[in-house]
Structure formats: C-alpha cells, structure tokens
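Working notes for the structure below.
All of the numbers you see were taken from the coordinates with simple rules; none came from a lab. Owing to the predicted nature of the structure, the values given are computational and were not obtained by experimental measurement. No Cβ is skipped: glycine too gets one built from the backbone with ideal geometry, and neighbour counts run over all protein chains shown.
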C-alpha cells in the first residue's frame, strides 16, 4: 500500500514539478524509503515530518523559490554543529578562559590550581544552561549526545586555558631574571673582592634596575637572614644573603590565602649557580625549597 502511493507521487514529481531542486527530491526519497526508521526513532520521524509538511505548505502556496532555504534551515536545525547552538557555550568557555589567564597573569594562578575542579563544574553548568536557553530560542532540542559534547568542550577549555595561563605567567616572569642576574654579578664580585658576601643593601644602589622592580632583602640578624613570606611573595626579586651564601628568588605566584605556604619561584643559589624553577614551602617551624 505504501509503495503504491509512493510510486504515484514519484510520477507526479517527474511531470508536474520537474523544476524542483534535486536535494528537495532527495528529502522526499528519504521520507519514501524510511517508514520503518520513523517507527523506531521518534526524533527522526519528527524531523522528517517537519520537512515534508513545510514542503507541502510551500507547494500548495506556489512559493517554490522559498523551499530550498527553508528545508536547509530545518535540516541544519537537527545538527549540533550546523544549528549554531554551540555559540552560547563557546561564549561562556571563552569568558572562562580569559578570566583564568588573567588570574595567572596577575600572579594568582594558585587560586585556579586549588579551585580548578569546582571552577570547571561551574563552567559546565553555566555552559549547559546557556546552551539550553539558546536552544529554546532557535527551536533546537538538546539530546544526551549534545550534552556530552558540550561537557567535553568545557573540560578541554578548562585544561588548555590553565596550561596557557601557567606558561604565560612563567614567560612573563622570565624578564625579571636578567635584572636578577645583575645582583648575582654584584654579589659574586663583592665576594671576590672582600672574601664574603655583603649583609647590607648598600650594593643595590650600584645596580641599574628598572624603577618599577621591587627588591626585598629581609633583615640580617645574629648571623642569619630573617624574612617574611608575604614580602617575598609580593616582591619582584628577593635577595637573602649571608656572609657565606646567598639565594635569589623571583616569585612566579603571589602569596594569597591559597598559596602563602606553598608557591612557585625561580631560584638562584650560590651553591648551585643556575636558575631553577621550583616551589618555596613555608611554615611556622621552617622553610624549604624543592625543585619543580
């Protein structure tokens, strides 16, 4: 019965509607050939029926020229990649990435390190909310597969933006190492001339450091250097020098509630004369440095 009616319609198309574009006939052929699929897949049935009803309406009204664009829009609305739905979560992900990179650039990447999981969860929820809202606006029904794709997109953006922010901050702080190397040269020369390193800051006046660079030294007392972890973290360069040794630190991260006891630094030590990226660990009892 179905096949007989299909043959009649095909005959009409071959005579009365020869001017129709080939892809419109293709949509009809799908409808003719897929009655069993429509019985099993309600979403597929809904999309095909929508296309056919639109085609019939335009044919009855004589608006043949509008058929192509309308069918193309309906067809595209069934695909996540062509419907335009990804615009909404993309905007959310873009804003998240920018905020994360800015946090790193200002030295507060440690906040993102500890908050990365809850921040990513918030990103996923906001992106899904934006996708659902925009989907309602463009009449697109989000399915489980679309949700998984959006979640994977958010996870990818979270990981990639974290890495970009971290390495951007590292690269940005590298410029301070050239200034810190001036201090290395002065301290080594002082040791060569006097047999020990200086315990006061008078030598700093001989340096040609940029005015905006903040150098922190701590205080030399009873043969040891006393320093404040917050001052070190908020400085551009920290010099901890004693008569027999010195250490120069260029903090990568600023001290904060999340990182005041554990934050990344570049270090140059007189006993190991090279710049090494590591972490400064601080507690009330003691402080120590580990290579990253």
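Some points to look at:
- Qualifying residue in segment 172-194 (condition: surrounded by fewer than 11 Cβ atoms within 10 Å (Cβ to Cβ), more than 42 Å from the chain's Cα centre (by Cα) and on the phi > 0 side of the Ramachandran plot): no
- Extreme residue, farthest from residue 131 (Cα to Cα), among residues of segment 154-197 that are part of a loop (DSSP other than H, G, I, E, B) and without any contact (Cβ under 8 Å) to a residue 60 or more places away in the chain: 195
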